[in-house]
């Protein structure tokens, strides 16, 4: 399947039907303004006119990436659980370490994750950007963007010649969640129901996405509600929601860093997990994969000692070299600050445990004086320094939030992993020349896997 040829067909159609495209974009914008993608006065996804298109061959590659990455992460988590010397290499507090070890018997160490990669469509090469476990999101955006595309004339014209399929991200997770709960139930007391709660700090979370997941649970006859993680009650070994209902299973979307910052407010939830009174997807062992310090440890000899030859080669080829930005790391992986300051375009600095692009600074888009000041200000402040990964760009056009001119956009593919299986993609983009920042320049594309039809 020649994806570049299909994209060229989109461009040719758009250039030949500008008035039609502008009218279609106006309808799409109106639909967007009345959708769940406008949340609390902010757009959570602003679409480009050409969707992200992948061949079935690329889909098989993504399946392999997810399978290999999941296998590596499971080995890392098991090593952490079983070997004290390996635990000492992680920058976790004693409190967090105890919370993680309490989940040693979890039925799945990584029930849900999203592996963000820079995928080069021209060569098939890819580089990891980050690994998301706690709070992995974006499922609802792909679903709603697909609905908006009904008013994109170019897309409707292309659908006549090509079969374009999205991947369903809600029912597939509900099925996996219930399967994991069933395994947990065999080892613990609970309800065959079960009563499910989706939880987060609701003033931070994607409430519309939670509501869609709750509907999917309910369609299967499963009781499901949404509860702020601070509103649980834990009485006589039973966890109760704000509405006073018994809780058997929790889909946790609250990220661990936020939980640690509000420990006094979430004691009911954390104690219920510690007592194995509820099933949780996920438990706190997911933090091992979520923390960006892991990228540094993947390249160390200690981690390499228990990975296979193929897994070590996978890490070497696809995980950017990552360095501790303090004196905590092993001597084999130290990096002089002068090297970082003087070669800014080679590096990007990230908080060890951040999310949503907060606090990230890339040398390629930062003036030299500002870069030097930033490097000096955050040394020893729980940051990692990473080699800046090459990024793939392709042309696209935006009639809704830009002037409708062709521009190059860099790409990121977020590969959803549901208990080790590839589940779908969230496609993020931004104008070429920097990084993708949700709060500043991010654009979205609905993802389709393409097959030719008889009309081709």
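Remarks
- When the Cα convex hull of the stretch 97-251 is projected onto planes of every orientation, the mean area is 13.0 nm².
- Three-way shape call for the stretch 1-103 based on the alpha-carbon gyration tensor, with the a/c threshold at 1.5: oblate
- Based on DSSP H segments of at least four residues, each scored -39500 (n - 2.57), the chain has a per-residue ellipticity at 222 nm of -11000 deg cm²/dmol.
- With a simple spin-label model that places each label point 7 Å from the Cα along the Cα-to-Cβ direction, the separation between residue 365 and residue 432 comes to 1.5 nm.
- Residues 286, 447, 123, sorted so that the one with the fewest Cβ neighbours within 10 Å comes first: 123, 447, 286
- Using 0.36 nm per residue and subtracting the Cα-Cα separation, the extra length available between residue 105 and residue 88 on full extension is 4.1 nm.
- Note on 337, 44: ascending count of other Cβ atoms within 10 Å places them as 337, 44, the fewest first.
- Answer label for semi-axes √(5λ) of the Cα gyration tensor in Å (calculated), chosen among (i) 41, 27, 18; (ii) 82, 21, 14; (iii) 35, 30, 21: (iii)
- Given in Å, the Rg to one decimal and the Dmax to the nearest whole number for the Cα atoms of the stretch 102-175 are 17.0, 54.
- Rounded, prolate or oblate (a/c below 1.5 giving rounded, otherwise prolate when a/b exceeds b/c) for the stretch 173-326 by Cα gyration tensor: prolate
- Exposure proxy ranking for 318, 439, based on other Cβ atoms within 10 angstrom of each Cβ and starting from the fewest, stands as 439, 318.
- Whether the stretch 169-226 is rounded, prolate or oblate, judged on the alpha carbon gyration tensor where a/c under 1.5 counts as rounded: prolate
- Area projected by the alpha carbon convex hull of the stretch 188-272, averaged over all directions, nm²: 5.6 nm²
- Counting only the Cα atoms, the stretch 370-449 fills a convex hull of 163 Å³ per residue.
- Full extension of the chain between residue 74 and residue 26 gives 12.6 nm of extra length, using 0.36 nm per residue less the Cα-Cα distance.
Taken together, the values in this text are just the output of simple stated rules run on the coordinates, not laboratory data. Quantities reported herein were computed from a predicted structural model and do not represent experimental measurements. Please note: Cβ atoms are built from the backbone with ideal geometry, for glycine as well, and neighbour counts cover all protein chains shown.
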